[in-house]
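Encoded as structure tokens, the structure appears first; notes follow it.
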Amino acid sequence: IRMGGFLGGYASGGNVCNFTNCTVEPDVKIGYNKNTGAASGLSKVGSFGGEVSGQFLNCVSYADVYGVDNVGGIGGVKGQSMGPYSYGNCEFYGTITATGSCVGGIVASGYNSISAPNTLCTSVENCIVAANITGTDKVGGILGGEKGIAQNWGNVYIRNNVFYGTLKATEEGGLAGGIVG
């Protein structure tokens with residue numbers, strides 16, 4: 001699976017990545033392939049991390065983000081079941097265009113495997129998104145979805161977030177929500 005972002009590859013629960021006070025300026029394209037004009041098979045994409053475990057604090061992106069599945073404005077997916085995965089005071093003001101599912105203005109998805117159904121969910125607090133977001137299913141203004149989790153065993157929150165913009169789920173019966181897809 002190909003991944004994209006500042007840190008595109010995998011980061012485990014024992015080797016977390018913490019992003020603080022980071023900015024992606026306007027006119028930056030993430031996951032963009034100039035030869036095809038699209039993301040050409042790129043999944044697990046975010047402005048700062050494609051597949052990581054860790055924290056994102058006070059991060060801002062104005063990028064245009066492209067991909068297939070698991071595409072987020074700030075981050076893609078949680079890299080490992082035991083690692084932390086939280087977003088605080090982050091902002092996204094670009095566009096997100098995905099041709100698949102789990103697409104979110106801040107983050108695409110939490111841990112994406114059924115191998116650890118009791119992992120901690122993604123925590124997103126005090127974030128703002130003003131963007132146009134398109135995907136096929138599970139399209140959220142803040143969080144795309146939590147596909148691999150059966151129950152949450154910790155104190156994580158989706159709270160005090162704001163979304164402005166448009167959401168579009170292109171698949172018939174596809175889900176889109178202002179906060180969670």
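Taking the Cα atoms of the range 65-181, what is the range of coordinates along each of the three principal axes, in descending order and whole Å?
Here the Cα extents, ordered largest to smallest, are 32, 30, 20 Å.
Using a probe of 1.4 angstrom, how much of the accessible area of the range 79-181 is carbon and sulfur, in percent?
Its accessible area is 51 percent carbon and sulfur atoms.
When the label point is put 7 Å from the Cα of Asn160 along its Cα-to-beta-carbon vector, which residues of the range 60-86 have a backbone N closer than 19 Å?
Under 19 Å, as judged by backbone N against the label point of Asn160, lie 60, 85-86 of the range 60-86.
Using the beta-carbon distance between Asn21 and Ser115 and R0 = 41 Å, what value does 1/(1 + (r/R0)^6) give for FRET efficiency, to the nearest 0.05? All intermediate terms of the calculation are to be shown ahead of the outcome.
On the way: r = 34 Å, r/R0 = 0.82.
According to the calculation, E is roughly 0.75.
If you add up the charges near Ser47, with Lys and Arg at +1 and Asp and Glu at -1, over every other residue whose beta carbon is less than 14 angstrom from its beta carbon, what do you get? Don't skip to the answer; put the middle values down first.
Values: positive: Lys29, Lys44; negative: Glu25, Asp27, Glu51, Asp64, Glu91.
For residues surrounding Ser47, the net value is -3.
The values are calculated or read from the model by the stated rules, or taken from the named source; none is laboratory data. Note that the structure is a prediction, hence the values are computed from the model and not measured. Note: ideal-geometry Cβ built from the backbone for every residue, glycine included; neighbour counts use all protein chains shown. Only protein heavy atoms, including side chains, enter the accessible area calculation; ligands, DNA and RNA are left aside. Shrake-Rupley method; radii C 1.70, N 1.55, O 1.52, S 1.80 Å.
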